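Visitor: My structure is below; once you've seen it, I'll send some questions.
What follows is calculated from the coordinates using simple rules that are stated; it is not laboratory data. Predicted, not measured: the structure shown is a model, and the values here were computed from it. Cβ placement follows ideal geometry from the backbone for every residue including glycine, while neighbour counts extend to all protein chains displayed.
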Amino acid sequence: MCEACFELASLDLIQDELPLVLDEEADHTYAASIEDYSHKPYLTREALSSTKFDDMKSNAVRLASYAPVEHQLFSLSFDSTYFDIPGRAPRWASHSGTDYHGTWLPQTVRRAILRHTRKDDRILSNFLGRGTDAIECFLLQRRCCGVDINPAAVSLSQRSCSFETPPGLTTAEHRPIIVQADSRKLTGALFADESYDHVLSHPPYKDCVAYSLHIEGDLSRYTNPLDFQEQYDKCVRESWRLLKMDRRLTLGIGDNREHCFYIPVGFQLIRLYINNGFELEELIIKRQRYCSAFGLGTYLCVQFDFLVFTHEFIATFRKVPRNSNDKMDSFDASNTKSQMRITYTCREIPRSPIARKSVVMGTVWLFKPSSRHSFAQLCTSRMVERFGKDESNWEHVELEIISDNDDSSLKPSLANIATDSMVVEDEGLSISSYEIERQKRIDENRLALLQLVSSLSTPFIHINDDLTYLFCMAGVDIRPQ
Ligand SMILES: C[S@@+](CC[C@H](N)C(=O)[O-])C[C@H]1O[C@@H](n2cnc3c(N)ncnc32)[C@H](O)[C@@H]1O
């Protein structure tokens, strides 16, 4: 134990609770002592898994479950780009939400593994924490290499994966390799170029949680957003180097605040991936519940009139050749041949029956637009309700882009689009089979959409917002002639 840790150590925190023996009758088999790895002072919480493992006997624990049980299955369904598990998210096997700060949900990890990898695939978890990724890989027979810079995390992960396994569930070769290393620079035989089929990355959300006080290279110690990004860029480059071409990386990330400023850590990191040869394939907003800092966060938000953080992002990237992806870098407004029409409407803010500041609201707002109220109306109304001031006014500003090329004659007709969409242009570029398949699916979807639009576009149909949206997507002009 290094000196700084020794000073920090408080042995009183280590509890002598009885181990949780889930099956009293079970024969425990000897695994290995992991006591030497324990580095308790780094832990941001006290529990240290003492309820789950019997270190005194150095026995492996037989778990109560090795996969989500039937009544937990509901928590695994991701059916849209918004993911929320109402209540406390269920856990299984040796997952725990309480002995390490900032664990991500096993549901997120299981989904990524099942969706993007096959049995025996090699998976890198470059911010392992207490081992969520390693546990899931082990249970699902993927070969995981888990990396964390913090010895406490390494120790905890070893514990998390040291359970007895029932025959037939998994094999020794799927037992994860857990190493203490810096994900900014991974060297050695384990980290050869293009040797991984998937990367699971759940880094610190900048300095949201301090994982250590003095570990050199711990990303949670970079408080300045630019310094953090500069360091994280190295991890992104390493991920690109280690991942096989066309394979995916799953990122879990959240935003935070510095003083009074909102720091969009999530978007900043997503930008780094895109700039370094990753294509963003999917972005899921995950509702965050039961964060340990929720109490303090809520207090500060009420004090300073902010929204409480209740969102995180789960992003899926695909590795593509560097510089081949669309970086979406430049939007030069001066280059667009369009004008902006701006209209201003002044409205009164109704008096609120309660102090607006006392309303605790999160960063996730759900709306149900209807034929009476559009999404824009509902959103504006909530903004005014939450951030308005009694007996004052608010101004409704509407922007409309009028393009010089806004000539309906230039717009392709339904028939034209339908035919064009079938043409596969070959400009001599080498396109991967994945890309060809993807383009084919896009074309099929577009065609299905156009057929749907054509079947709806009769004079008897009331043009509502959804329909307008469909027409816009299909490039069909629906303005009255
Ligand atoms: C958000 S936690 C990961 C939690 C994990 N997903 C879990 O479920 O337990 C972030 C982890 O990144 C680790 N970390 C910070 N900087 C690192 C670096 N340069 N290399 C490797 N790990 C690092 C921290 O020690 C911390 O354990």
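Visitor: Could you tell me which residue out of Tyr262, Phe306, Gly252 lies farthest along the dipole of the range 246-324 toward its positive end? Charges go on the beta carbon: Lys and Arg +1, Asp and Glu -1, centred on the Cα centre.
Guide: Gly252
Visitor: Can you compute the charge dipole magnitude of the range 333-403 about its Cα centre, using +1 on each Lys and Arg Cβ and -1 on each Asp and Glu Cβ, nothing else charged? Give it in debye, rounded to the nearest 20.
Guide: For this selection, approximately 220 debye.
Visitor: Moving to a separate point now. With contacts defined as alpha carbon pairs under 8 Å and 6 or more residues apart, what's the relative contact order of the range 333-403 in percent?
Guide: This gives 62 percent for the range 333-403.
Visitor: While we're on this one: Quote to one decimal, in nm, the extra length available between Lys389 and Phe74 on full extension: 0.36 nm per residue of separation minus the C-alpha distance between them.
Guide: Gain on extension, Lys389 to Phe74, equals 109.2 nm.
Visitor: For a 30 Å ceiling on Cα separation, which of these pairs sit above it: Lys319/Lys368; Lys244/Lys368; Lys119/Lys368; Lys119/Lys319?
Guide: Result: Lys319/Lys368; Lys244/Lys368; Lys119/Lys368 exceed 30 Å.
Visitor: Give the peptides 209-221, 166-178 in descending order of average Cβ contacts within 10 Å, highest first.
Guide: By packing density, highest mean first, the sequence is 209-221, 166-178.
Visitor: Further, regarding this structure: Quick one: length gained pulling Lys357 to Arg438 fully straight, 0.36 nm per residue minus the C-alpha distance?
Guide: So the chain would gain 24.4 nm between Lys357 and Arg438.
Visitor: Order of Thr108, Thr298 from fewest to most other C-beta atoms within 10 Å?
Guide: Thr298, Thr108
Visitor: What shape does the range 333-403 take by its C-alpha gyration tensor, where a ≥ b ≥ c are the square roots of the eigenvalues and a/c under 1.5 counts as rounded, a/b above b/c as prolate, and the rest as oblate?
Guide: The shape class here is prolate.
Visitor: Rounded to the nearest 0.05, what FRET efficiency do Lys368 and Ile177 give with R0 = 45 Å and r taken as the Cβ-Cβ distance? Could you check?
Guide: 0.40
Visitor: Next question. Tell me the label-point distance for the pair Leu296, Asn275, using the 7 Å Cα-to-Cβ offset, in nm and rounded to one decimal.
Guide: Placing both labels 7 Å beyond Cα along the Cβ direction yields 3.0 nm.
Visitor: Please give, to one decimal in nm, the separation of the simple spin-label points placed at Thr81 and Ala448, each 7 Å out from Cα toward the Cβ.
Guide: Taking the two extended label points, one gets 1.8 nm.
Visitor: Using label points projected 7 Å from each Cα along Cα→Cβ, tell me how many nm separate Ala210 and Arg118, to one decimal.
Guide: For Ala210 paired with Arg118, the spin-label model returns 4.8 nm.
Visitor: How do Ser65, Ser94, Ser433 rank when sorted from fewest to most other Cβ atoms within 10 Å of their own Cβ?
Guide: Ser433, Ser65, Ser94
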